[in-house]
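Participant: Quick one: this structure, given as structure tokens, is what I'll be asking you about.
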Amino acid sequence: MARALLILPTGTYRAADFIEAAAALDAEVIVASEEDMVLADQLGDGFLLIDCSRPEESARRIVELGDRQPLDAIVPVDDQGVLIAALAAEQLGLTHNPPAAVAATRNKVMLRRALADAEIPQPAHELAGVPDDVAGLAEVIGYPVVLKPLSMSASRGVIRADDADEARGAAERIRRILAVAGHNPSEPILIEQYVPGIELAVEGVLRGGELEVLAFFDKPDPLEGPFFEETLFITPSRLHPEMLDEVERVAARAIRAIGLREGPVHAELRVDGSRVVFLEAAARSIGGLCGRSLRFGLLGTPLEVVLLRHALGRPHRKIRREDPASGVMMLPIPRAGILSAVQGTDRALEVPGVTEMEITIPPGRRVWPLPEADRYLGFLFARGPTPEDVEEALREGFACLDIVIDSD
Ligand SMILES: Nc1ncnc2c1ncn2[C@@H]1O[C@H](COP(=O)(O)OP(=O)(O)O)[C@@H](O)[C@H]1O
Ligand SMILES: [Mg+2]
């Protein structure tokens, strides 16, 4: 029986989907995760304690385990595990990405530098350390700009600024967000030229450095700032096929420049008229539970099965996304407070085309909207004959919901 080690960081949304995928492929699972007594008790020998903030040490533990119990795959389901997986898989001779390449996907300025060396179209940018004059650097780029921390995700701390006051205010706010998240509040902040236009996500899998696009997602809600809340992801894209070809070319060149070679890749690009600008890439598949919107072939094979098959080195089968259009809405958090309830879910599920909904924050927990938000509230899924049908179903489903947040 094949054995796969899944790196499941605390707070991952994807444990169940990957464990199910392993069962579908008859693979034994070992879970590498952070402190979790319940999981450790339940899994016994199938549990390995790691610390995602210490990639080298965690990789060493995995290699020790792999020496005792041979592993066939190491799968980092989220961003926090990608470097650990690359380091451990390299030593154990398993399918992996170069550690330096995944490290670049975890640090926004390293990524920009790798892309600049290969002349990939990307936003003009400057790095602002603590003593630097944020507004002066923004002026060099030209307003509007986008300020962002180097190593966060899900748009946390990403803020648009249209003038010097806003730029200084954004930098202060980012430093507070870093401090709350336990990062060094004095770490440099990236300032980028604001790229207008429409945004797409490219979901792909890499095999020996070759990009196979699994889906293009449109993000039909405007993402113009000051905060960048991702809500709708809908596939197939409605962009002109020739533009999609260009998006794919730029994404493939960028991924090559970063050095990623194996496994899932999630890239984000903007299309401004005829110009395609590369924003970023991660060495994982789409975030949160959004992967559930992707199914393949006549049997509707889940994304996680496709990725696990690749990680296990099983023979490559050409796959195609299923025919219907599909989409997901990441439910926005409207304001700060204590989440009391999400009402109207029954009605939302009755909307034609809506297929599934999951609320991922329990009632009673404190929530924040962006740019501070640190969790997704939930996910609403729909399918339909066309992307327009899916978008309508998701909007209608969302309109049924009443997200009740109490002031504190
Ligand atoms: N230079 C930019 N120009 C325009 N929008 C941007 C720019 N950088 C980021 N954004 C917006 O902010 C979102 C989050 O930024 P991103 O760099 O992808 O960070 P994260 O790792 O948090 O996803 C992007 O999806 C995009 O909508
Ligand atoms: Mg992003």
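Participant: Does L308 qualify as being touching a strand residue (DSSP E or B) at 6+ places or on another chain (Cβ under 9 Å) and either among the hydrophobic types (A, V, I, L, M, F, W, C) or outside the structural domain of G384 (by TED's automatic domain parsing) (or both)?
Facilitator: Criteria met by L308.
Participant: Let me ask another. Only residues that are outside any loop (DSSP other than H, G, I, E, B) and closer than 29 Å to V75 by Cα: list them for the range 215-243, please.
Facilitator: Passing the criteria: A215, F216, F217, D218, L232, F233, I234, T235.
Participant: Looking at P196, P131, P185, which one is touching a strand residue (DSSP E or B) at 6+ places or on another chain (Cβ under 8 Å) and either within 30 Å of R249 (Cβ to Cβ) or more than 8 Å from ligand 1 (Cβ to nearest atom) (or both)?
Facilitator: Answer to the check: P196.
Participant: I'd like to check which strands (runs of 3 or more DSSP E) are fully inside the range 261-360 and have at least 1 residues that are touching a residue at least 12 places away in the same chain (Cβ under 8 Å) and within 16 Å of ligand 2 (Cβ to nearest atom).
Facilitator: Answer list for the range 261-360: 263-272, 275-282, 325-330.
Participant: Now for a separate question. Give just the number: which of (1) surrounded by fewer than 16 Cβ atoms within 10 Å (Cβ to Cβ); (2) closer than 16 Å to E268 by Cα does M152 not satisfy?
Facilitator: The failed condition is (1).
Participant: Among the residues of the range 219-238, write down those that are among the acidic types (D, E) and within 15 Å of ligand 2 (Cβ to nearest atom).
Facilitator: D221, E229, E230
Participant: Here are some conditions: (1) within 16 Å of ligand 2 (Cβ to nearest atom); (2) over 24 Å from A124 (Cα atoms); (3) not hydroxyl-bearing (S, T, Y). N184 meets all but one. Which one does it not meet?
Facilitator: (1)
Participant: I've got another one for you. Can you pull out the residues in the range 258-277 that are over 18 Å from R207 (Cβ atoms) and either in contact with a strand residue (DSSP E or B) (Cβ under 7 Å, 6 or more places away or on another chain) or surrounded by 20 or more Cβ atoms within 10 Å (Cβ to Cβ) (or both)?
Facilitator: E268, L269, R270, V271, V276, V277
The values are calculated or read from the model by the stated rules, or taken from the named source; none is laboratory data. Remember, predicted model here, so these are calculated numbers, not experimental data. Positions of Cβ are generated from backbone atoms using ideal geometry, with glycine treated the same way; all protein chains shown enter the neighbour counts.
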